[in-house]
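Have a look at the structure below before the remarks.
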Amino acid sequence: MSNKNKARRRAPASQGRTSQSRTSPAAAGQDGDISQAEADAIVRDVLSKLWEGVASGDPLRAELETATCMAFPYVLGQRDPADIESFIDTVLVKGAVRRRNPDGATLLRLLMALGTPATRRAASRALAELTGEGIYPPEWVTEIGKVTPARPGAATTCSATTRLWR
């Protein structure tokens, strides 16, 4: 068997799953047979990383964590756009509103920048609710989605994926 095919070969069922396959969202989508408790733990972990990314004040990290959460239904094999929008609205938009703090407002701004038109509308309405109560995202959210090219030899401070390549 070539090395190329060895990497794709699955372990025999008798060996059971590794701890990584129980906690990895990608593995969960491949196996399709995780328990509800395992799925809940994965969602909690992903959401925890999302809130850490939002609180970090780093636009790129916040964008990546938000995009990861928005893609979660795809990882689990969900392909119905209505169900995906429902997940984003229920878990992310309403979760951000429940926080009633600047981090929640920040997530809503991220969803407005990264989401579908339906997600952008829901996040915009939710952000209007929070700002109506005097809850605003921090100033750094104005950098979301902006690309600032670096000069040769200079450190980059952009919030674009180009930063990943430096």
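The values are calculated or read from the model by the stated rules, or taken from the named source; none is laboratory data. Predicted model only: the values in this text are computed from it and were never measured. Neighbour counts are summed over all protein chains in view; Cβ atoms, including those assigned to glycine, are modelled from backbone coordinates with ideal geometry. Accessible surface areas use protein heavy atoms only, side chains included; no ligands, DNA or RNA. Shrake-Rupley method; radii C 1.70, N 1.55, O 1.52, S 1.80 Å.
Annotations for the structure displayed:
- A Cβ distance below 8 Å, combined with a sequence gap of six or more or placement on separate chains, defines the contacts here; from the range 83-95, residues that are within 14 Å of Glu65 (Cβ to Cβ) reach no residue that is modelled with pLDDT under 90 and open to solvent by 50 Å² or more (accessible area, probe 1.4 Å).
- Top-ranked residue in the range 22-49 [being of a type outside the set (D, E, K, R), in a helix (DSSP H, G or I) and modelled with pLDDT of 75 or more; ranked as surrounded by the most Cβ atoms within 10 Å (Cβ to Cβ)]: Ile42
- Candidate set: the range 55-72, residues that are under 8 Å from the mean Cα position of the chain (by Cα) and of a type in the set (Ser, Thr, Tyr); chosen: the one least open to solvent (accessible area, probe 1.4 Å): Thr66
- The residues of the range 73-84 that are open to solvent by less than 50 Å² (accessible area, probe 1.4 Å) and either within 20 Å of Ala118 (Cβ to Cβ) or β-branched (Val, Ile, Thr) (or both), listed by number, are Pro73, Ile84.
- Qualifying residue in the range 147-166 (condition: more than 18 Å from the chain's Cα centre (by Cα), open to solvent by less than 70 Å² (accessible area, probe 1.4 Å), farther than 19 Å from Ala62 by Cα and at pLDDT 95 or above): no
- Within the span defined as the range 103-110, every residue fails to be open to solvent by 60 Å² or more (accessible area, probe 1.4 Å), at pLDDT 90 or above and over 19 Å from Lys49 (Cβ atoms).
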